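Scroll down for the structure; my scribbles are underneath it.
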Amino acid sequence: MTGDPHISLLIVDDHPVVRDGLRGMFESAPGFTVLGEASNGVEALEKATVLDPDVILMDLRMPGGGGVDAIAALARRGARAKVLVLTTYDTDSDTLPAIEAGATGYLLKDAPRDELFTAVRAAAEGRTVLSPAVASRLVSAVRTPRAPGNEPLSAREREVLALVARGTSNREIARELFISEATVKTHLTHLYAKLGVKDRAAAVATAYDRGILG
């Protein structure tokens with residue numbers, strides 16, 4: 001491309017070293033400006049509202065607020081920013097919910113520097129960018145119908161399930177994940193349906209049996 005437009009970024013990751021590395025990478029390249037950083041999804045929403053970046057580089061699994069919930073919230077708010085997921089996870093239970101929530105693209109953290117730059121430029125233009133591994137998973141997921149009770153849990157649903165397995169109450173789960181009790185109940189309803197069970201005990205037992213918890 002010639003005459004690259006100037007693209008502003010918000011970097012969201014719970015690891016300071018990763019944020020520092022990404023900031024240094026983009027600030028050393030022409031055409032990019034890093035407006036700020038956030039360590040979780042909740043903070044990302046606050047920063048996105050104030051900074052109004054062109055592109056948000058979003059990790060998925062973060063204590064204090066995951067990426068999928070933040071992506072969905074940004075979509076509900078009609079945020080202008082495009083979200084490019086940048087994570088180490090490429091499982092169906094991570095990729096599908098992120099794309100469904102409204103992510104423009106999905107890359108893995110082992111992507112080469114130039115590929116990342118190209119992906120950010122594409123995301124800023126509203127074009128979908130998927131790493132080859134993620135693209136093949138999505139194609140496979142579309143082509144392979146899922147049996148009832150055998151759908152993958154989202155990252156947030158697995159977080160809720162792990163806390164249920166520890167005997168945590170809905171109120172305590174809500175407090176730990178910074179969500180409402182109503183949202184906890186919604187996640188439980190969804191994961192019960194996906195696991196083909198009707199209560200907490202059966203959900204935990206089934207999850208251990210399938211290796212979701214271990």
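The values are calculated or read from the model by the stated rules, or taken from the named source; none is laboratory data. These numbers were taken from a predicted model, which means no experiment stands behind them. No Cβ is skipped: glycine too gets one built from the backbone with ideal geometry, and neighbour counts run over all protein chains shown. With ligands, DNA and RNA removed, areas are computed over all heavy atoms of the protein, side chains included. Shrake-Rupley method; radii C 1.70, N 1.55, O 1.52, S 1.80 Å.
Evaluate the stretch 106-122: report whether one residue or more is closer than 18 Å to Ala75 by Cβ, of a type in the set (Ser, Thr, Tyr) and either touching a Phe, Trp or Tyr at 6+ places or on another chain (Cβ under 8 Å) or at pLDDT below 80 (or both). Looking through the stretch 106-122, none of the residues is closer than 18 Å to Ala75 by Cβ, of a type in the set (Ser, Thr, Tyr) and either touching a Phe, Trp or Tyr at 6+ places or on another chain (Cβ under 8 Å) or at pLDDT below 80 (or both). Close contacts from the stretch 192-214, counting a first residue that is closer than 12 Å to Ala162 by Cα and a second that is aromatic (Phe, Trp, Tyr), with Cβ to Cβ under 9 Å and a gap of 6+ residues or different chains, come to Arg200/Tyr192; Ala203/Tyr192; Gly214/Tyr208. Answer yes or no as to whether Arg137 is out of contact with any His (no Cβ under 7 Å at 6 or more places or on another chain) and modelled with pLDDT under 90. When the stated conditions are applied, Arg137 passes them. The C-beta contact set for the stretch 54-81 (first residue farther than 24 Å from Thr118 by Cα, second residue surrounded by 24 or more Cβ atoms within 10 Å (Cβ to Cβ), distance under 7 angstrom, 6+ apart or interchain) comprises Met62/Gly41; Gly65/Gly41; Gly66/Gly41; Gly66/Leu60; Gly66/Arg156; Asp69/Gly41; Asp69/Arg156.
Being of a type in the set (Lys, Arg), part of a helix (DSSP H, G or I) and surrounded by fewer than 17 Cβ atoms within 10 Å (Cβ to Cβ), is that true of even one residue in the stretch 180-188? Yes, there is a match, as at least one residue in the stretch 180-188 is of a type in the set (Lys, Arg), part of a helix (DSSP H, G or I) and surrounded by fewer than 17 Cβ atoms within 10 Å (Cβ to Cβ).
Among the residues of the stretch 103-120, those identified as open to solvent by 50 Å² or more (accessible area, probe 1.4 Å) and either part of a loop (DSSP other than H, G, I, E, B) or basic (Lys, Arg) (or both) are Lys109, Asp110, Pro112, Arg113.
For the stretch 121-131, the condition of being in contact with a helix residue (DSSP H, G or I) (Cβ under 8 Å, 6 or more places away or on another chain), open to solvent by less than 60 Å² (accessible area, probe 1.4 Å), assigned to a helix (DSSP H, G or I) and not hydrophobic (A, V, I, L, M, F, W, C) holds for none of the residues.
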